[in-house]
Amino acid sequence: MASPDPVVEAIFDAVAATAPEIRAALPGRRVKSGTDNPSGESVMAGDLYADELLGDALTAVDGVGSFVSEEREAAVDAGGAVGSGDGDAYAVAIDPLDGSSNLRSNNAMGTVVGVYDAPLPATGRDLVAAGYVLYGPITTMVVADDSGVREEVVEADDGSVSRSVVEDDLRLPDDPLVYGFGGRVPDWPDAFTAFAREIEDELKLRYGGAMVGDVNQVLTYGGIFAYPALVDAPEGKLRLSFEANPIAYIVEQAGGAATDGDTDILDIEPEGVHDRVPLYVGNGELVDRLETALD
Ligand code: AHG
Ligand code: MN
Ligand code: MN
């Protein structure tokens, strides 16, 4: 395994260090904050809390030059030019709380992190690492870099936070078992509905309404997750910089594939940091079939 990038390690140390605090803060933050985010979605109190904590933690990491969040209009300058050559800094993009509509129903949520070696917006090819925290019954963190993908358990012990690797080479299983597709069926384009009808005969439905939780099922059991293009929303729901690119990077490093229906997610050229994109991600043969079905 290549020696880990110390800045990437420091970034994921910082993310792990916030996780127990974010989890502990959620019980009192299951309500709307009263504001909307740059995507025009209602922001929960938990979203704001996670965004502030992660913003403070990540901008304090040496080697982070810029910080962008799903919950903030503009990038935060954290010092150091991003992508400018030797000794340059990274841009970190986060979805502080993915699946925060699950706060009310107490279901899975996560934090998504992308570490880009270029000023944002950038393509996923500029990612040097990506990861997510999954707030399930156990707090886990999945981290991908050019050496592969690992799963860790994050625990708070006596004021410090430990990261324990539980799987050091996470790969998508060859035989897929599960699928989860977002959006309302009547809003799906006909070609996607026809593909879904085939998949329903082959795989088991696992959909929890938080991309991180649903993608973690696919990484664990094999299969396909999608938040598709919708008839009235051809760009789908998920955001390229904060959600689709980091997830595509992780799944591709684990041996899978990710597409917007036509193009590898990592090759998409964004216009703005809050751009949305349809996301179809999972085992390569299923993603290939999906691309053929949507042609
Ligand atoms: P976020 O909470 O960061 O806005 O993301 C929610 C996303 C994603 O987690 C999930 O796949 C999708 O929205 C679910 O959308 P619906 O609730 O519309 O199904
Ligand atoms: Mn999200
Ligand atoms: Mn979010």
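The values are calculated or read from the model by the stated rules, or taken from the named source; none is laboratory data. This structure is a prediction, so every number in the text was calculated from the model and none was measured. Don't worry about glycine lacking a Cβ; one is built from the backbone with ideal geometry, like all the others, and counts go over all protein chains shown.
Being more than 16 Å from ligand 1 (Cβ to nearest atom), at pLDDT 95 or above, not assigned by TED's automatic domain parsing to the domain that holds GLU252 and not in a loop (DSSP other than H, G, I, E, B), is that true of even one residue in region 96-115? Working first, answer last.
We begin by selecting, within region 96-115, every residue more than 16 Å from ligand 1 (Cβ to nearest atom); these are 115.
Of the ones still in play, those that are also at pLDDT 95 or above are 115.
Subset that is not assigned by TED's automatic domain parsing to the domain that holds GLU252: 115.
Going one step further and asking which of them are not in a loop (DSSP other than H, G, I, E, B), we end up with 115.
There is at least one residue in region 96-115 that is more than 16 Å from ligand 1 (Cβ to nearest atom), at pLDDT 95 or above, not assigned by TED's automatic domain parsing to the domain that holds GLU252 and not in a loop (DSSP other than H, G, I, E, B).
Out of curiosity, is VAL231 outside the structural domain of TYR135 (by TED's automatic domain parsing) and under 21 Å from the mean Cα position of the chain (by Cα)?
On the way: outside the structural domain of TYR135 (by TED's automatic domain parsing): yes; under 21 Å from the mean Cα position of the chain (by Cα): no.
When the stated conditions are applied, VAL231 does not pass them.
Could you check region 1-82 for strands (runs of 3 or more DSSP E) lying wholly inside it with 1 or more residues that are under 23 Å from ARG150 (Cβ atoms)?
Passing ranges, in order: 64-69.
Among the residues of region 92-117, count how many are in contact with a Pro (Cβ under 6 Å, 6 or more places away or on another chain) and either more than 12 Å from ligand 3 (Cβ to nearest atom) or among the charged types (D, E, K, R) (or both).
1
For GLY80, work out the one condition from (1) under 20 Å from VAL8 (Cβ atoms); (2) modelled with pLDDT of 95 or more it doesn't fulfil.
Every condition holds for GLY80 apart from (2).
Suppose the filter is over 17 Å from VAL149 (Cα atoms) and touching an Asp or Glu at 6+ places or on another chain (Cβ under 7 Å); does ASP264 pass it?
no
Within region 118-149, work out how many residues are part of a strand (DSSP E or B), hydroxyl-bearing (Ser, Thr, Tyr) and in contact with a Pro (Cβ under 8 Å, 6 or more places away or on another chain).
Number satisfying all stated conditions: 2.
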